[in-house]
Amino acid sequence: MLMKDFDFTITARCLFCGVPLQGPEDAEYSSGDLIECLECGEGNDYDSVVAVAAEKGIEEVENTVKGRLAKNLKGLFRGEP
Amino acid sequence: MKTSHHVTEFDLLECFVEEMERRGENKNLVRLDVDAQLAMSLSEKLGCDITEERLQGFADRCLANEWLEHRVMGGKYLQLGLTTTGLGVVRSRQRKQQLHAQRSKLKRLSDYIEDHKGLFVALGAGIALVSLLVKLFLG
């Protein structure tokens, strides 16, 4: 199970309405910035958006690894008499 | 006399953050019951009457949006904790208020005009109409 086999995409979502945050392609945000949600108009704190996205990312990685491990373990015992 | 403060679910979320800061603990260690005691405490803080039922209505919205979650299996409004998203909502609102307060005088004036542009347009139209009428009837 190699890490290069995994491909994760985490979408940054508005903390207030859950809609994916969108902005200009060349936009650069940093700590302390407020990212405006085009759907509800609320300002999202950059650090908080990153924290939520990181938490979801870790959850996704955990679930994927657990799934792969379970699959691999099943395969290990398949050949036993 | 109680002042009129429009109480929202965000005030409930702020209670959790205040409790975190009061205890010096992170969000994972702070759990609160949304009960009559919390309603009374929030009423005193905001200077308005909040019933337990109303507060639980706010809690329902926070639970639905996953800003609050249950930390133990028990009553619907017992031992609730703030999620990362819920904390983010509070921090976003605090940051917005901070930026709002730091605006320069010129920016405040510009924002005021922007917020009330309809009124300014109506005022301008009114002045133009009065000027036209004065010119027509008084020469």
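A few points about this structure:
- Selection within region B:18-37 - in contact with a strand residue (DSSP E or B) (Cβ under 9 Å, 6 or more places away or on another chain) and assigned to a helix (DSSP H, G or I): B:19, B:20, B:27, B:28, B:29
- Filter result (among the acidic types (Asp, Glu) and either under 19 Å from residue B:95 (Cα atoms) or assigned to a helix (DSSP H, G or I) (or both)) within region A:23-60: A:28, A:33, A:36, A:42, A:45, A:47, A:55, A:59, A:60
Yes or no, residue by residue, for (1) loosely packed, with under 10 Cβ neighbours inside 10 Å; (2) within 29 Å of residue A:35 (Cα to Cα); (3) among the polar types (S, T, N, Q); (4) within 14 Å of chain A (Cβ to nearest Cβ):
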site	(1), (2), (3), (4)
B:79	no, no, yes, no
B:85	no, yes, yes, yes
B:94	no, yes, yes, yes
B:109	no, yes, no, no
B:113	no, yes, no, no
B:116	no, yes, no, no
B:122	no, no, no, no
B:129	no, no, no, no
B:138	yes, no, no, no
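- Any hit, region B:68-82, residues being in contact with a helix residue (DSSP H, G or I) (Cβ under 6 Å, 6 or more places away or on another chain), in contact (Cβ under 8 Å) with a residue 60 or more places away in the chain and under 20 Å from residue A:47 (Cα atoms): yes
- Whichever residue in region A:6-22 is part of a loop (DSSP other than H, G, I, E, B), more than 13 Å from chain B (Cβ to nearest Cβ) and modelled with pLDDT of 80 or more and, among such residues, is surrounded by the fewest Cβ atoms within 10 Å (Cβ to Cβ): A:9
- In a residue-by-residue description of region B:17-30, the property of being among the β-branched types (Val, Ile, Thr) and more than 21 Å from residue A:16 (Cβ to Cβ) applies to at least one position.
- Considering (1) away from chain A (no Cβ under 14 Å); (2) surrounded by 12 or more Cβ atoms within 10 Å (Cβ to Cβ), the lone condition that residue B:73 does not fulfil carries the number (2).
- Cβ pairs under 9 Å, 6+ apart, first in region A:29-44 and more than 9 Å from every other protein chain (Cβ to nearest Cβ), second part of a loop (DSSP other than H, G, I, E, B) and of a type in the set (S, T, N, Q): A:37/A:22; A:38/A:22; A:39/A:22
- Selection within region B:96-107 - within 14 Å of another protein chain (Cβ to nearest Cβ) and surrounded by fewer than 14 Cβ atoms within 10 Å (Cβ to Cβ): B:97, B:98, B:99, B:100, B:101, B:102, B:103
- Residue within region B:124-136 that is under 30 Å from residue A:20 (Cα atoms) and of a type outside the set (Phe, Trp, Tyr) present: no
- Of all residues in region B:47-66, those satisfying the criterion of being within 14 Å of chain A (Cβ to nearest Cβ) and within 15 Å of the chain's Cα centre (by Cα) are B:61, B:62.
The values are calculated or read from the model by the stated rules, or taken from the named source; none is laboratory data. If you're wondering where the values come from, they're calculated on a predicted model, not measured in any experiment. Every residue, glycine among them, receives a Cβ derived from its backbone with ideal geometry; neighbour counts consider all protein chains shown.
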